[in-house]
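These notes concern the structure reproduced below.
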Amino acid sequence: METRDDLLQPTLGHRDSRATSIYSPQTGYLVSFFGGPLAGAAIALANSYRLKRLGSDWPLGLLAVAATAGPSWWWSRGGAHWITAYAGGAARELIFRVLGLGFFAVVYGWHRQYYRNMTFLGLTPPSGWLIGIAAVVGGLAVNIGLATVLS
Amino acid sequence: MSGDSGGTQELAVIEHTARALVERRRYSQAQITVGRGLKDFPESVELQYLAAFIDQACERPEQAMQAVRALLSQAPQHYGARTLYAHLLQGAKQLAEAERVWIDLLRDYPQSADCFAGYGELMLRTLNLEKARRLAEEGLRESPDHAGCLYLAAMIDLIRNRGGAQSEHLQRMLREHPEHFRSALALVLALSAKGDDRGALRIAQELLRHQPDSRHLLTLVRNLKARTHWSMLPLYPMQRWGWSAAIAITLFAIIGLSVGQRALPPSVLETLTWIWLAYVVYSWTWPRLLRRFI
C-alpha cells in the first residue's frame, strides 16, 4: 500500500530535459504499415522507454519478433497457398502490411491512455521522422534477411 | 506613530483593491494600482506577489519569473509566491525543479488541496497518469469539493475513457462549480470525446467570448470548427472512433483490393484503387489544411 510519503518522492528525477511526450500514433501507424511489426515495435519500445515502462512493455518486442518470424517460417514451408490463390503474387506483401497494422492496433490499445492524455492536454509529440525512417529501413532489412535465410 | 498607522492603512487599502481587481481578472487596472502602491511601499511582499501574478496572468512569464525570484529571496516561505514559482517553472519546462517546489510545498502544507492539484497537473502533463490520480484522490480527501482536484480527477476519467455520466468527478465538478471556467472546459472535452463536437464547439465559443486572449481556447475552437466542417464528413469514422477506425478501414481496403485482383474486372479495380488512394491522401492532408484555413 503506497503511503503519502511515497507519493511525495520525485518522479521526474533531477534532469531538466526529461521526455514528457511520446511519438504520435501517426508515427506508429506509418512505421508499422511500411516497416512491419519489428519497425512498429521499435517505435512502441522507444515510447515505453520515454514513459519509463520498458519493464512492463518488453513483451511487445517479443510479440513483434513472433509476428515477423512466425509468418516467414510458415510462408517458407509453403503454408500460404490459399492466400496466394486469393491475393495473387502480392500475397506476401499483403500479409506483411496486415501484420504491421495488426501489431499497431495492439500497441495503440496498449498505450492508448498515454495517447489520449497527450490529446486532451494538447501536448506536442517529438518529431518522428528520424526514428521512423530508421525503424522502417531496419524492419524491412530484417524482414528481407529473414525471408532469404528461410528460403 | 499616527503617520505609520496611516501608511499601514493606506497599504492595506491598496492591497485589498489590487486583490479584488485580480480576482475579477481586471489585470490592466490591477497593474496600475499595484505599480502606484509599489512606488510608495516598495517593500510590500503582497504587492510584489500581485505584480508577479499579474505578469503571469498577462502571459509575461519572464517578467513574472524575475519578480517571483526577487520576492522569494526576500520571503522564501511565501505560499503564493512558491505556488506561482512552481507554475512558472512548469511553463518554462523546468519540470524537475517544478516538481521539487511542489513536493516542498506539500511537505510544508500537507493539507493543501491546491498543492495536490498543482502537483497532480504536473504529473498529468508528464504522462504520469497513475500518480496524478493518486494526488487528485489525496487532494479530494482533504477538500472533497476542491475545483482543481475535481478537474484533475475528471480529466483522468476522460483519459481513461470514462466521460460524461460515467465520470462522477465531472458530474460533481459541474454541480459544485458550475461557474468555474474549468468545469466548462472539462464539459467541452467530455462532449468532444463522446462525439458531440457541435455541442462542444458551442460551449467553447462561448468560453472564448469571455476569454478572447486565451490561446488554448482559440486552438480548441479552431480544432472543433475543423472537426465540424462539412468537408470532414467523409472522415467521420476516423473522427468518431480514431485510430481503430483508421486501422479497420485500411485493412478492409488493402485486403479487398488484393482479393479484387482476381474477382473484379481490371477497369473496376483500377477505379477502386484510385478512389482509395484519393481517400488516403484526403484523410492525411485535408484536416491539417483546414485547421490552417480556419
If only one of B:ARG175, B:ARG141 is away from every other protein chain (no Cβ under 11 Å), out of contact with any Pro (no Cβ under 8 Å at 6 or more places or on another chain) and among the basic types (Lys, Arg), which one is it?
B:ARG175
Only one of B:HIS78, B:HIS87 that is surrounded by 15 or more Cβ atoms within 10 Å (Cβ to Cβ), closer than 23 Å to A:MET118 by Cβ, more than 14 Å from chain A (Cβ to nearest Cβ) and touching a residue at least 24 places away in the same chain (Cβ under 8 Å):
B:HIS87
Restricting to helices (runs of 4 or more DSSP H) lying wholly in the range A:54-151: which have 1 or more residues that are away from chain B (no Cβ under 13 Å) and surrounded by 16 or more Cβ atoms within 10 Å (Cβ to Cβ)?
A:54-57, A:59-76, A:129-150
Quick one: in the range A:98-142, which of the residues that are touching a Gly at 6+ places or on another chain (Cβ under 8 Å) and not small (Gly, Ala, Ser) is farthest from B:PHE252 (Cα to Cα)?
A:VAL137
Counting just the residues of the range B:205-220 that are part of a helix (DSSP H, G or I) and within 13 Å of chain A (Cβ to nearest Cβ), which one comes out surrounded by the most Cβ atoms within 10 Å (Cβ to Cβ)?
B:LEU220
Say we look at the range B:236-252 and pick out the residues that are more than 10 Å from every other protein chain (Cβ to nearest Cβ) and touching a residue at least 24 places away in the same chain (Cβ under 8 Å); which of these is surrounded by the fewest Cβ atoms within 10 Å (Cβ to Cβ)?
B:ARG240
Identify, by number, the condition in (1) at pLDDT below 95; (2) in contact with a helix residue (DSSP H, G or I) (Cβ under 6 Å, 6 or more places away or on another chain) that B:GLY80 doesn't meet.
(1)
When every residue in the range B:49-74 that is touching a residue at least 24 places away in the same chain (Cβ under 8 Å) and over 27 Å from B:PRO212 (Cα atoms) is compared, the one surrounded by the fewest Cβ atoms within 10 Å (Cβ to Cβ) is B:GLN74
Between a residue in the range A:6-34 that is at the interface with chain B (Cβ under 8 Å from one of its Cβ atoms) and any residue that is at pLDDT below 85 and not in a helix (DSSP H, G or I), which pairs come within a Cβ distance under 9 Å, given they are 6 or more apart or on different chains?
A:LEU12/A:ARG18; A:LEU12/A:THR20
When B:ASN128 is run through (1) more than 14 Å from chain A (Cβ to nearest Cβ); (2) within 28 Å of A:LEU121 (Cα to Cα), the failure sits at (1)
Would you be able to tell me the number of residues in the range A:25-53 that are outside any helix (DSSP H, G or I) and either of a type in the set (S, T, N, Q) or on the phi < 0 side of the Ramachandran plot (or both)?
2
Taking B:LYS194, is it free of Cβ contacts under 8 Å to residues at least 60 places away in the same chain, surrounded by fewer than 20 Cβ atoms within 10 Å (Cβ to Cβ) and more than 14 Å from the chain's Cα centre (by Cα)?
yes
The lone exception for A:ALA46 - which of (1) within 19 Å of A:GLY138 (Cα to Cα); (2) at the interface with chain B (Cβ under 10 Å from one of its Cβ atoms); (3) crowded, with 16+ Cβ neighbours inside 10 Å it fails
(2)
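The values are calculated or read from the model by the stated rules, or taken from the named source; none is laboratory data. Note that this is a predicted model, so its numbers are computed, not measured. Neighbour counts run over all protein chains shown; Cβ positions are idealised from the backbone, glycine included.
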